[in-house]
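The values are calculated or read from the model by the stated rules, or taken from the named source; none is laboratory data. Note that the structure is a prediction, hence the values are computed from the model and not measured. FYI the Cβ positions are ideal-geometry reconstructions off the backbone, even for glycines, and counts take in every protein chain you see.
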Amino acid sequence: MAKSKNISDFVIERDQNRCIKCHACVRVCANDVHFKDDATSEVASDDSKCVGCHFCEDLCPTGALVIRKNPSETRENAHWKKEYIYRIVRQAETGGIVLTGMGCDRPYKNYFDHILLNAAQVTNPSIDPLREPMELKTFIGRKIDAVNLDDLNWKTTSIDEIMSGLLELEVPIMFSAMSFGSISLNACKAIAEAAKLCGTYWNTGEGGLHQSLYPYADRAIVQIASGRFGVSSEYLSRAAAVEIKIGQGAKPGIGGHLPGEKVSQEISLTRMIPQGSDAISPAPHHDIYSIEDLRQLIFAIKETVDYKKPVGVKIAAVHNVAPIASGIVRAGADFITIDGVRGGTGAAPVVIRDNVGIPIEIAIAVVDQRLRDEGIRNQISIVAAGGFRTSSDIIKAITLGADAVYIGTSALIALGCHVCQKCYTGKCNWGIATQDPYLTRRLNPEIGTKRLCNLLRAWSLEMKEMLGGMGINAIESLRGNREQLRGIDLSEIELKILGIKHAGESW
């Protein structure tokens, strides 16, 4: 008879000489890892329950705790690795799908790490961002083909009127779709306030717009997903833009599911579903089975918002992403969001997250090139998402052809996330991916807002330094300028798809 494997992923080391038995770890752990041993009066731990969030380690007043990766390994086998053996055992015991949170952690090639930026030298002097203006401002939406200056009445016409219907970003970074339900209301508030203060936008995700977030609605991009949660004319009219969600990078081709036990009264009212009922987003939209169907929905939304707000479409980065993007442009979308294989999520089947989709770097390049070849690139903005870690990733994405990027996991890390990948349990010790009132209080929205603003400020300064080093003073001049990129340790076909030269090749 097979025996259940209960070997922990982490080992908790407690220095009893330092431990003062304050029981702080016992009180704060949402996974009930720590407990008082009545027999010895010592504080003990159950390693098998530890998810590696390090919350207890950070809060221990005497530094008595250290969380380490469990060194115990199965017999070495290049094919039958520990993770696959344990996954089979778990499924043999439960008969269920193995879930995970956050983005793909497989060791697929990260193309950003194999792309180098150009730098200005003698014939093209660099620019000092401390002494000369550097422009990061970005506009998202469908741009007009031309402006006839002779037809304008400059006494009554303003630049704002000419640029109406576009999202104006002070930095080419927005906060990705994370719904109230997948993350706590305090996390939503921190993100929304940061977007407002920093002159960018945040995405509500498919969970509707909570009333306490109405003051930030003018910087919100609201989603319409297959479940239509929280969707109403008021929902659309309050927002700055609307995004139709077809797919996401962590789980292309499948829907979403928020278990009923997480649907509290607040989430019930926001999503407009009964309290305690499962919030299920089917894989397909019930009214979209063709580009023509998508076009009908896009223009129905535009009619609802009086054609005053951009309407976009979010898709996962898949093998035929370029022709799909072309169809979306022709369907009348104002922007397209492409979510790569490293895109995060609150819950996804491991087998889908790790094996479906393509890297965002590849997707940006092929979509940008396809739209240029068809002469329709100016008709839409490209927003890239899926695993942006640094300002250099963002600069490279824009140089490959993106207009702006979404950040999700990076924003959560700034709020305190330790990427323990257990979001689906609802027991986030950092108060982020949870609805437990005891846990959500651990995230102070005001402090979270400050940290997010600091992150955007730091990245904007770094982007200006990189632009200055290339002799470019505006982010607009960098978009799709792939001559500023060179590849290293990439094959000929990879360089061809990315549309860049190898390091050492001249202009």
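Would you say Gly480 is at pLDDT 95 or above, within 20 Å of Leu136 (Cβ to Cβ) and part of a loop (DSSP other than H, G, I, E, B)?
Values: at pLDDT 95 or above: yes; within 20 Å of Leu136 (Cβ to Cβ): yes; part of a loop (DSSP other than H, G, I, E, B): yes.
Yes: the conditions hold for Gly480.
For region 267-318, name all the residues that are among the hydroxyl-bearing types (Ser, Thr, Tyr) and either free of Cβ contacts under 8 Å to residues at least 40 places away in the same chain or not in a loop (DSSP other than H, G, I, E, B) (or both). Steps first, answer last, please.
Within region 267-318, the subset among the hydroxyl-bearing types (Ser, Thr, Tyr) is 268, 270, 277, 281, 289-290, 304, 307.
If the condition is that a residue be among the hydroxyl-bearing types (Ser, Thr, Tyr) and either free of Cβ contacts under 8 Å to residues at least 40 places away in the same chain or not in a loop (DSSP other than H, G, I, E, B) (or both), then Ser268, Thr270, Ser277, Ser281, Tyr289, Ser290, Thr304 are the ones that fit.
Would you point out which residue out of Val318, Val329 is assigned by TED's automatic domain parsing to the domain that holds Phe175, closer than 19 Å to Ile144 by Cα and buried (at least 17 other Cβ atoms within 10 Å of the Cβ)?
Details: Val318 fails: closer than 19 Å to Ile144 by Cα.
Going through Val318, Val329 in turn, just one is assigned by TED's automatic domain parsing to the domain that holds Phe175, closer than 19 Å to Ile144 by Cα and buried (at least 17 other Cβ atoms within 10 Å of the Cβ): Val329.
Evaluate the following for Ile88: is it more than 30 Å from Arg14 (Cα to Cα) and either in a loop (DSSP other than H, G, I, E, B) or in the same structural domain as Leu400 (by TED's automatic domain parsing) (or both)? Quick ask: steps written out before the conclusion?
Working: more than 30 Å from Arg14 (Cα to Cα): yes; either in a loop (DSSP other than H, G, I, E, B) or in the same structural domain as Leu400 (by TED's automatic domain parsing) (or both): no.
So Ile88 fails the test.
Could you check Asp436 against (1) of a type in the set (Asp, Glu); (2) over 30 Å from Phe55 (Cα atoms); (3) in contact (Cβ under 8 Å) with a residue 40 or more places away in the chain and say which number it fails?
For Asp436, the failing item is (2).
Would you kindly identify the helices (runs of 4 or more DSSP H) lying entirely within region 345-426 that contain at least 3 residues that are over 14 Å from the mean Cα position of the chain (by Cα)? Steps first, please.
Values: elements: 350-353, 360-373, 391-400, 409-415.
It comes to 350-353, 360-373, 391-400.
Restrict the check to region 474-481 and report whether at least one residue is in the same structural domain as Pro125 (by TED's automatic domain parsing), more than 22 Å from Ala397 (Cβ to Cβ), touching a Lys or Arg at 6+ places or on another chain (Cβ under 8 Å) and surrounded by 18 or more Cβ atoms within 10 Å (Cβ to Cβ).
Kept after step one, since they are in the same structural domain as Pro125 (by TED's automatic domain parsing), are these residues of region 474-481: 474-481.
Okay, now just the ones that are also more than 22 Å from Ala397 (Cβ to Cβ), so none.
No.
Kindly indicate the residue of region 280-304 that is of a type in the set (A, V, I, L, M, F, W, C) and over 26 Å from the mean Cα position of the chain (by Cα) and also surrounded by the fewest Cβ atoms within 10 Å (Cβ to Cβ) among those meeting that condition.
Let us first name the residues in region 280-304 that are of a type in the set (A, V, I, L, M, F, W, C), namely 280, 283, 288, 291, 294, 297-301.
Remaining after also requiring over 26 Å from the mean Cα position of the chain (by Cα): 299-300.
On the way: Phe299: 14, Ala300: 11.
By that ranking, first place goes to Ala300.
Given the conditions (1) farther than 30 Å from Glu135 by Cα; (2) hydrophobic (A, V, I, L, M, F, W, C); (3) crowded, with 24+ Cβ neighbours inside 10 Å, which single one is not true for Leu185?
Here Leu185 meets the rest and fails (3).
Under 6 Å by Cβ, and 6 or more places apart or on different chains, what pairs join a residue from region 381-399 that is under 17 Å from Leu498 (Cβ atoms) and buried (at least 24 other Cβ atoms within 10 Å of the Cβ) with one that is among the aromatic types (Phe, Trp, Tyr) and at pLDDT 95 or above?
Matching pairs, first to second residue: Ile394/Phe388; Lys396/Phe112.
Which of the residues belonging to region 45-65 are within 18 Å of His418 (Cα to Cα), of a type in the set (A, V, I, L, M, F, W, C) and out of contact with any Phe, Trp or Tyr (no Cβ under 6 Å at 6 or more places or on another chain)?
Val51, Cys53, Phe55, Cys56, Leu59, Cys60, Leu65
Being under 23 Å from His418 (Cα atoms) and surrounded by 13 or more Cβ atoms within 10 Å (Cβ to Cβ) is the filter here; which residues of region 88-107 pass it? Walk me through how you get there before you give the answer.
Step one: of region 88-107, the residues under 23 Å from His418 (Cα atoms) are 98-107.
Listed by number, the residues that qualify are Val98, Leu99, Thr100, Gly101, Met102, Gly103, Cys104, Asp105.
Look at Gly340 and say whether it is assigned by TED's automatic domain parsing to the domain that holds Tyr424, in contact (Cβ under 8 Å) with a residue 24 or more places away in the chain, in contact with a Ser or Thr (Cβ under 9 Å, 6 or more places away or on another chain) and buried (at least 21 other Cβ atoms within 10 Å of the Cβ).
Spelling it out, it is not the case that Gly340 is assigned by TED's automatic domain parsing to the domain that holds Tyr424, in contact (Cβ under 8 Å) with a residue 24 or more places away in the chain, in contact with a Ser or Thr (Cβ under 9 Å, 6 or more places away or on another chain) and buried (at least 21 other Cβ atoms within 10 Å of the Cβ).
Which one of Lys464, Lys450 is of a type outside the set (S, T, N, Q), in a helix (DSSP H, G or I) and over 21 Å from the mean Cα position of the chain (by Cα)?
Lys464
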